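A short worksheet on the structure shown next.
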Amino acid sequence: MQRKYFGTDGVRGRVGQAPITPEFIMRLGFAAGSALVARDGLPANERPAVLIGKDTRISGYMLEAALEAGFSAAGVDVMLCGPMPTPAVAYLTRALRLQAGVVISASHNPYDDNGIKFFSAQGAKLPDEVERDIEARLEQPMTCMASAGLGRARRVDDAAGRYIEFCKSTFPNDLDLRGLKIVVDSAHGAAYHVAPSVFHELGAEIVGVGDTPNGLNINQDVGATAPETLRRTVLESRADYGIALDGDGDRLVMVDAAGTLYDGDQLLYVIARHRARNQPVPGVAGTLMSNLGFEHALARLGIVCGRAKVGDRYVLAMMQEKGWLLGGENSGHIICLDCHTTGDGVIAALQVLAALRATGETLAAACVDLKLYPQKLINVRMPAGFEWATDAGIRSAVKTAEATLDGGGRVLLRPSGTEPLLRVMVEGREAALVFGQAEAIAAAVRRAFGE
């Protein structure tokens, strides 16, 4: 069955519009809770339990209450941890031996979007068949357990401290961050009260950015999707490094002392390169968007680069299938399976810093053998249901671009899994050709639906 509500990263949309309404979210909680009750395998006297975390969007209060009501009606206990990074919820779900974790977040999107994503008891994204089961239950009437069977709710007061200690445990015991000044940009998001503490407790001097959320400013001119604030602060404060996360803390970009920005491909390369010096690294999972220069640089290290569909769930699936420990996206989702079950911006930053501290290198030196090809990505908003793949004008523009690149690059068109966008990407050795052809294809897309 085709999934109706779940995209590549849960259910997401504009708050107040279907499906992100209180009524639907309550039904989603009930459907997910009913699926857990049917699958949990617990003794008769125990109820399944879930953990609910959220980012700092003002709508999180409303949606948290709706989810809690739905789960309770299905007979599922709820544990609430308040604002907490997505990877923290994944970790705590596993550490507390719960049946599922739920995050209320729209990640890097503006504050007036929100979403719901789920983790399994193992701290991984839900398998497709479980999401399909939940969707099937959404089509059924919502009922309610008898009062004696209703779920209870309570707060997890030590959630932040548990996660901080977990992150620190992934950093080598014989290394520290003493002597480093690091700018930490939390995007006014879920990591604002935990990420600075992790790096500070490992010895670094911290300059905080994006650490005063008000419910409306998440990702606004800060964070991994707006790194200019980080770059400027690093230069002004004469810091050694800058670390920027996104609104839910699972995405990372970094800046060095010179103000140079490093994306997910470069940071993943630094981690893989360092690991390869100490143990074999058979492969690294990237995506269709991973830079061709990243693939070539890994090949020079004897490391295979796999390309999964875009989305960290698909990266993780490839890693599990091939038995690889490293994977990620150029957007900054980086997964280190020997550290965590999911992508984690704080832990990824720690792995990069550990590599640099162990070798004494700068980020620039660690990336000297990685030459990224110019890459242009244009997001074109398009109507729902638009058949872009069969449009003659778009196909002609793509064919022209491929001929112009003459085997020295790539063209990729793909619909977003979370927004009504068609993503147009062109990559090649010559920036002028790349940028020109990307604009030409984007223009063809806009013409195709009459914009």
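Of note:
- Filter pass, G115 being on the phi > 0 side of the Ramachandran plot, at pLDDT 95 or above and in contact with a Gly (Cβ under 9 Å, 6 or more places away or on another chain): no
- Of the candidates I378, I335, the single residue that is part of a strand (DSSP E or B) and over 28 Å from V398 (Cβ atoms) is I335.
- Just one of (1) assigned to a loop (DSSP other than H, G, I, E, B); (2) over 28 Å from V222 (Cβ atoms); (3) of a type in the set (A, V, I, L, M, F, W, C); (4) touching a strand residue (DSSP E or B) at 6+ places or on another chain (Cβ under 8 Å) fails for V130. It is (1).
- Condition check for S34: within 20 Å of V156 (Cα to Cα), not β-branched (V, I, T) and not in a loop (DSSP other than H, G, I, E, B): no
- Close pairs from the range 358-371: first within 17 Å of V255 (Cβ to Cβ) and of a type in the set (G, A, S), partner open to solvent by less than 80 Å² (accessible area, probe 1.4 Å) and in a loop (DSSP other than H, G, I, E, B), Cβ under 9 Å, at least 6 apart: A364/A258; A364/T260
- Count of the range 389-444 residues which are closer than 30 Å to N114 by Cβ and either within 25 Å of the chain's Cα centre (by Cα) or open to solvent by 50 Å² or more (accessible area, probe 1.4 Å) (or both): 15
- Which listed residue is closer than 16 Å to L126 by Cα and buried (at least 22 other Cβ atoms within 10 Å of the Cβ), from V50, V37: V50
- Summed over the range 297-319, residues that are touching a residue at least 12 places away in the same chain (Cβ under 8 Å), open to solvent by 10 Å² or more (accessible area, probe 1.4 Å) and part of a helix (DSSP H, G or I) total 6.
- Some residue of the range 183-203 being more than 19 Å from A348 (Cα to Cα), touching a residue at least 12 places away in the same chain (Cβ under 8 Å) and surrounded by fewer than 16 Cβ atoms within 10 Å (Cβ to Cβ): no
The values are calculated or read from the model by the stated rules, or taken from the named source; none is laboratory data. For clarity, every value in this text was computed on a predicted model and none was experimentally measured. Quick reminder, even Gly has a Cβ in these numbers, built from the backbone with ideal geometry, and neighbours come from all protein chains shown. Surface accessibility is based on the protein's heavy atoms, side chains included, excluding ligands, DNA and RNA. Shrake-Rupley method; radii C 1.70, N 1.55, O 1.52, S 1.80 Å.
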